[in-house]
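Notes to accompany the following structure.
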2 protein chains.
Amino acid sequence: MRENLLLEEAQEVLLNQARPLGEAMVPLTEAWGRVISRDIRAGANIPPFNKSPLDGYALRASDTKKASPSNPVRLKVREVVRAGFMPEQEVIPGTAIKVMTGAPLPAGADVVIKYEDVKEGKHGIEVYQPLKAGDNIILVGDDITQGELVSVRGSLVNPALAGLLASLGLSEIPVFFPIRAAIVSTGDELILPFEPLTRGKIYNSSLYTLAARCRELGVLPAVLGNVSDKAEAVAGCLQQGLDTADIVISTGGVSVGDYDVVRNALLELGTEIIFWKIRMKPGSPLIAARKDNKIIIGLSGNPAAAMVSFDLVAVPVLKKMMGQDQLLPRKIKAIFLDRFDKPSPERRFLRAQLHRRNGMDFVRLTGGQGNGVLKSLVACNVLIDVPAGSGPLKTGQQVNAYITGNINESYQDDLRSSLMRIAY
Amino acid sequence: MRENLLLEEAQEVLLNQARPLGEAMVPLTEAWGRVISRDIRAGANIPPFNKSPLDGYALRASDTKKASPSNPVRLKVREVVRAGFMPEQEVIPGTAIKVMTGAPLPAGADVVIKYEDVKEGKHGIEVYQPLKAGDNIILVGDDITQGELVSVRGSLVNPALAGLLASLGLSEIPVFFPIRAAIVSTGDELILPFEPLTRGKIYNSSLYTLAARCRELGVLPAVLGNVSDKAEAVAGCLQQGLDTADIVISTGGVSVGDYDVVRNALLELGTEIIFWKIRMKPGSPLIAARKDNKIIIGLSGNPAAAMVSFDLVAVPVLKKMMGQDQLLPRKIKAIFLDRFDKPSPERRFLRAQLHRRNGMDFVRLTGGQGNGVLKSLVACNVLIDVPAGSGPLKTGQQVNAYITGNINESYQDDLRSSLMRIAY
C-alpha cells in the first residue's frame, strides 16, 4: 500500500485500474447522456438527394440569362412538388417546377428562386433577374457524406448528436454500459434528514451531495445509507456495495483515529488497498482499494472534504468507467480577487467561483474553507490549487484552478465597478 | 399579430407570457435539478454544537502555557468521546478528554490537539507545546447560522445545495412544478429512424434533438411524433399537445409557402397568434401563439434552424416556466479565428465553439452553416451574433456570441501553436 500520494499520482493509479464495463445497443431515445462505444460512420448521404431549402421555383439558370425588371423571362410551371414527394416531370427549357421547402430538386433544374422573387401568373411565372446555377440548392451529402466519421468512441451523446444519429436513420446506438455507484456513509453521529435531531448527532449531507453529483454525471447512485462506526458493519455494507454496484464510494472513517474503521473493514473484506492519503487539503484522508476488479474509494467524513476529493479523485474514475474520453478537470489560470490569510504548508484546494469580466478570468472564494463548510460549495465552480509551501494569497495574484462545476454563469458582460477597482 | 420581430423583442414578448406552473413539496432525494420555489432559511445552526475537526484531545489551553519538548505537561485522560456521543465528563484543570473527529467538544475544554502531536501513556498524555485557545474547534453555526438565508426562490438545486438542505434536516423541499413540453414535427417528407428510407423522404432529427435538449434542461419531453402537412392533422396534433403538456413546440410548416400549415392549424384551433417571424438567420420563420394560457412555439423545419431558434427563443421560456431566475443565454465577446465570406444583410447566428487560450476567448466555426447542417451543432457551444448589414467576417475581428452549450471543455492550458500564430 502506498501512502501520501500526490493528487496526480492518485488520479493516475486509479485511472489505470478503471475500465468501461461493456457496451450495448440502446434505442436512440435512450442514448442522450450516454457515451458512444464505437466509432460511427454515416451509412448514407444527408440529405440523400439535392433539395430546395425554401419555397420557390426550380428552373434552369440558362433560361434567365437575359431576364431584367423591364424584360422578364416567362416560364411555364409544369408541376408542384411538396417535401416528401418525388417530382414526376423534368425541368426542360422554358419551364419551371414549383418546389416547397425540403422538396427534391427536379431533374433538369440547376437553381431555385424564392417564391417572393417571382411574379406568379395563371400559366406560369415571371423572373426578373439572371440566376446563378447552384444557388438555393442543398446538395446531396451537404450535411454528411456517406462513409464520413460522425462520432467517435468516447463521445457523450448531446442533443445535436442525438439528432444527427437520427438523421442517419440509426434507431439503435452503440453505447457503453451505464455504471452504478454504491454510496455509503459511516459514522455513529449521522442521522437522516427525516429523523429528529438528538444531542451529539448531525444530519448526513454527503449521501445527498454525492448521489446528486452522480446523477449529474450520468452515474446511477445506489444509496446504501448510514452505517455505524464498527468495522464489521462497515465491511458488510461495503460488501453489499460490491455485490450490487460497479464502484463503491464511502464517506467517513478514514483518518488516523481509533474509531476509523474503513481501513479495517477493507482488510476484513480481503480487498487490496491501493493507497491511503493524498497530500492535499481538504480530503487528505482518502483510501482506495480494489476487490474483484471493483474500486472502492473511501472519502473523508467531512462534507466539504468529501465533495472536493470526490470531484478531483472519484469523478475521473467514474468518467473512465462510463467510457468518456475527457477525464480530468480542466485547468485554468486566473487572478485571485480575494484574500486568504492562512499559509498553506500542504497543498490546498480552495472553493471559489470564476468571474469572467472584461476578457479576464478572476476567481473569488465562495465562503468559508473549513472542512465542514458545505455552504461554500453551492456556488463553487472552480477549485483553486494552492501549492504546498505557499504563504497567504494576495488580491491580484495569479492562481491555478480546476473547473469542477458549470462555468457558463461565470460570464458577465456587465462589469461591476467594485471588481474593476480591485483589478486595475 | 406582430411580424418580423427582433430576437430581443420575441424573447421579451414570450417571457412576459410565461409563468411557473405552481409549487409542491418533494422529497429531498427528488430535489436535484429542480428549482427552489421559496426562500429557505436555516432552522438550526450547523454544526449544532462545537466539535472537533480531528482525532485528538480536548483540553484547557491554560494548562499548556509552560509546555515544551523538555518539559512536557502531563494531563490525565478522563474519557473517550466518539462522534455521535455526548461527553459525560467535563475537562477540569490537569485533564483532557480524547475526542474523535466530529465528536462534541466537552465542557471546560477550549482547544483540541491532534492525536499525532501528543505522547500517549497509560494514564494520560504528554503535551510538548503551549496551545492557543480556540484552535482545532469547529464552532456551533460555523457552516450555517440559525435564521440564515440558505437558498433563494429560483435557485437550481445542485449537488452541494442538496447536501446543504440535508444538513439542515430538511427532508421535503419546496420546488416549482416540473414542466412538460409536447414536441411535434410537421412534414410529409419526414420518417422515423426505424422506417426504411424511400425516395424523397428524410429521417426526422428534430424530435430527437429537441427531446434531448429538453431532458438536458430538466423539462419532460412528450414526443408526439411526425404529422403530415395538412392543417387539420396538424391542428389535431397541436391540440393533443395542449391537452397533455404545458407548452407545445413544433417544427416545420411555418414559412411562406403554400403547404406551410402551422399558421392555419393555429387559426383553426382558435389560438391567439402572438408573432410570426424573427429578423434573424437561421430560424427566421418562427411562429408563437397562445391558447388557454399555454404557449405554442412553431420552429423552422430545418434541423439546424430549429435548434438554434429553440436555444435562443424557447429555452428562456422553458426556464421561466421552470421557475429559474437566469433566463437568457450569457453574452460574451471573443476573437473570431476563422473566415466567413458571406455578407449578412440579415442578422445571423453562426454555430461556433469557444476556445479559451492563454487568457483569451476565441471562437471558431464548427462547420457548415447551412440551415440543414446539423453536424456543426454537435460541437457548438456558442452562437456568434453577426449584426444585420455586416460584411464578411475576418480572422481576428471581435464578435459577440451567446453561450448555448457547455463551455467547460473550451478551456485548455496547452496552447496550440497554430492558434497562436493566427492570434498574434
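In nanometers and ordered shortest first, the copy-to-copy spacing of the B:G236 label point, defined 7 Å from Cα toward Cβ, is 6.1. Applying 1/(1 + (r/R0)^6) with r as the Cβ-Cβ distance of A:L267 and B:N71 and R0 = 41 angstrom yields a FRET efficiency of 0.55. Using Cα atoms only, what is the angle between the long axis of helix A:206-217 and the major principal axis of chain A, expressed in degrees (0 to 90) to the nearest 10? The answer is roughly 20 degrees. For A:E148, the amide hydrogen comes within under 5 Å of the amide hydrogens of A:A42, counting only partners 5 or more places away or on other chains and with H modelled in the peptide plane.
Sequence-ordered 3J(HN,Hα) estimates for the stretch A:143-148 from the Karplus curve with 6.51, -1.76 and 1.60 and θ = phi - 60° stand at 7, 9, 9, 3, x, 5 Hz, glycine and proline given as x.
Could you tell me how far the Cα centroid of the stretch A:19-88 sits from the Cα centroid of the stretch B:334-375, in Å? Each part reduced to its Cα centre gives a spacing of 23 Å.
What the phi angles of the stretch A:76-85 give under the Karplus curve with 6.51, -1.76 and 1.60, with θ = phi - 60°, is a coupling list of 7, 8, 8, 5, 10, 10, 8, 4, x, 10 Hz, glycine and proline written as x.
Size estimate for the stretch B:164-238 follows the Kirkwood approach: the inverse of mean 1/r over distinct Cα pairs works out to 14.9 Å. Quick one, what does Rg over Rh come out to for the stretch B:331-423 if you take C-alpha atoms and the Kirkwood Rh? Checking Rg against Rh, the ratio lands at 0.95. Shown here for the stretch B:94-185: trypsin sites (Lys or Arg not before Pro) in loop regions (DSSP other than H, G, I, E, B) with at most 11 other Cβ atoms within 10 Å, namely B:K122, B:K132. Loop-resident trypsin sites (Lys or Arg not before Pro) (DSSP state other than H, G, I, E or B) in the stretch A:1-65 with no more than 10 further Cβ atoms inside 10 Å of their Cβ: A:K65. Once backbone amide H atoms are built at 1.01 Å from N, A:I173 has A:V26, A:L28 as its partners under 5 Å, excluding neighbours fewer than 5 places away on the same chain.
Residues whose amide H falls under 5 Å from that of B:A107, counting only those 5 or more places apart or on a different chain, are B:V91, with hydrogens built in the peptide plane. Using a 7 Å projection from Cα along Cα-to-Cβ, the label point at A:R38 is separated from the same position in the remaining copies by 5.4 nm, smallest value first.
For a paramagnetic label modelled on B:A107 (point 7 Å from Cα along Cα→Cβ), amide N atoms under 18 Å away belong, within the stretch A:191-208, to A:199-201. Ranked from shortest, the separations from the 7 Å Cα-to-Cβ label point of A:N16 to its equivalents in the other copies are 6.4 nm.
The angle between the Cα long axis of helix A:7-17 and the main principal axis of chain A comes to about 70°, on a 0 to 90 degree scale. The 3J(HN,Hα) values that the Karplus relation (6.51, -1.76, 1.60; θ = phi - 60°) gives for the stretch B:390-397 are, in residue order, 6, x, x, 8, 10, 4, x, 7 Hz. Gly and Pro appear as x.
Which translational diffusion coefficient, to the nearest whole µm²/s, is obtained for the stretch A:56-127 from the Stokes-Einstein equation, given a Kirkwood hydrodynamic radius over C-alpha pairs, 37 °C and 0.692 mPa s? So the translational diffusion coefficient is about 275 µm²/s. Along the Cα→Cβ direction, 7 angstrom out, place labels at B:L6 and A:K132. What is the inter-label distance in nm? The two pseudo-label positions are separated by 3.1 nm.
In chain A, the longest principal axis of the Cα atoms and the axis of helix A:231-244 are about 20 degrees apart. Report the residues of the stretch A:337-363 in range of a label on A:K394: point 7 Å along Cα→C-beta, backbone N strictly under 15 Å from it. Hits in the stretch A:337-363 for A:K394 at 15 Å: A:337-343.
Exposure proxy for B:L365, A:L238, B:L220: other Cβ atoms within 10 Å of each Cβ, ordered fewest to most, give B:L220, B:L365, A:L238. Note on chain A: the C-alpha convex hull projects to 29.6 nm² when averaged across all orientations.
Shown is the FRET efficiency for B:A24 and B:E216, computed with R0 = 30 Å from the Cβ-Cβ distance and rounded to the nearest 0.05: 0.85.
Just so you know, all these numbers are worked out from the coordinates, no wet-lab data involved. These numbers come from a predicted model, not from an experiment. A quick note on method: Cβ atoms are made from the backbone with ideal geometry, for glycine too, and the neighbour counts reach across all protein chains shown.
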